[in-house]
Amino acid sequence: MSLTFLTGGARSGKSALAVRRAGRSGLAVVFVATGQARDGEMSDRIARHQAERPEGWETVEAPVDLVDAVRGLPGDRCVIVDCLSLWVSNLMEHGDDEATTVARAEALGRWGAAYPGRVIVVTNEVGLGIVPMHPVSRDYRDRLGRVNAILSRHADHAQLVVAGRTLTLDPLED
């Protein structure tokens, strides 16, 4: 049906918007989470996100093997993937090189574009600030930028979320 790509800054309202849209979709919802509770602050953050979701939604945890996790989903769902930002971080920690990360993103984009239900992908936009000083931070920013561009290219609908408001991004031109 459709792949929607939501990007924006941290705490801009992307996840809340995805949850609202999925709730209005009329489809059963699968929330695919990429975050991992590695400390108390992250555990609290995940708990807050979980509390925002209606009961009855299925949750799939896929911090690394995201593509394999979504490929097995029934085709009549609204799938929220939240978020690519943590996924890319997890892939780097997992030891993936940039080519592997990009290949995984391309596979995810192809899946999302072909999925018969609805897909909403959430990610952070990290390329609007200064160039990071540390090489790992620059690598992360560059990889996430490439992953975001790939998913956006596959999306039927792409929006920038700022302060809970959306700006629809123009379709790609050849």
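Among 162, 131, 126, 136, which is the only one that is closer than 14 Å to residue 7 by Cβ, surrounded by fewer than 16 Cβ atoms within 10 Å (Cβ to Cβ) and aliphatic (A, V, I, L, M)? Break it down into steps so the answer makes sense when it comes.
Numbers: 131 fails: closer than 14 Å to residue 7 by Cβ; 126 fails: surrounded by fewer than 16 Cβ atoms within 10 Å (Cβ to Cβ); 136 fails: closer than 14 Å to residue 7 by Cβ.
None of the others qualify; the one that does is 162.
Taking the stated definitions as given, is residue 76 over 20 Å from residue 123 (Cα atoms) and at pLDDT below 95?
Working: over 20 Å from residue 123 (Cα atoms): yes; at pLDDT below 95: no.
Taking the combined requirement at face value, the residue does not satisfy it.
Out of (1) in contact (Cβ under 8 Å) with a residue 60 or more places away in the chain; (2) hydroxyl-bearing (Ser, Thr, Tyr); (3) open to solvent by 40 Å² or more (accessible area, probe 1.4 Å), what's the single condition that is false for residue 59?
It fails just one condition, (1).
From the list 51, 103, 37, 99, which residue is open to solvent by 50 Å² or more (accessible area, probe 1.4 Å), at pLDDT below 95 and closer than 26 Å to residue 139 by Cα?
The match here is 37.
Is it the case that segment 54-62 has a residue that's of a type in the set (Val, Ile, Thr), at pLDDT 95 or above and in a loop (DSSP other than H, G, I, E, B)?
no
The values are calculated or read from the model by the stated rules, or taken from the named source; none is laboratory data. Note that the structure is predicted; figures quoted are calculated from it, not measured. Ideal geometry is used to build each Cβ from the backbone, glycine not excepted, and the neighbour counts take in all protein chains shown. Quick note on the areas: whole protein, heavy atoms, side chains included, nothing else; ligands and nucleic acids left out. Shrake-Rupley method; radii C 1.70, N 1.55, O 1.52, S 1.80 Å.
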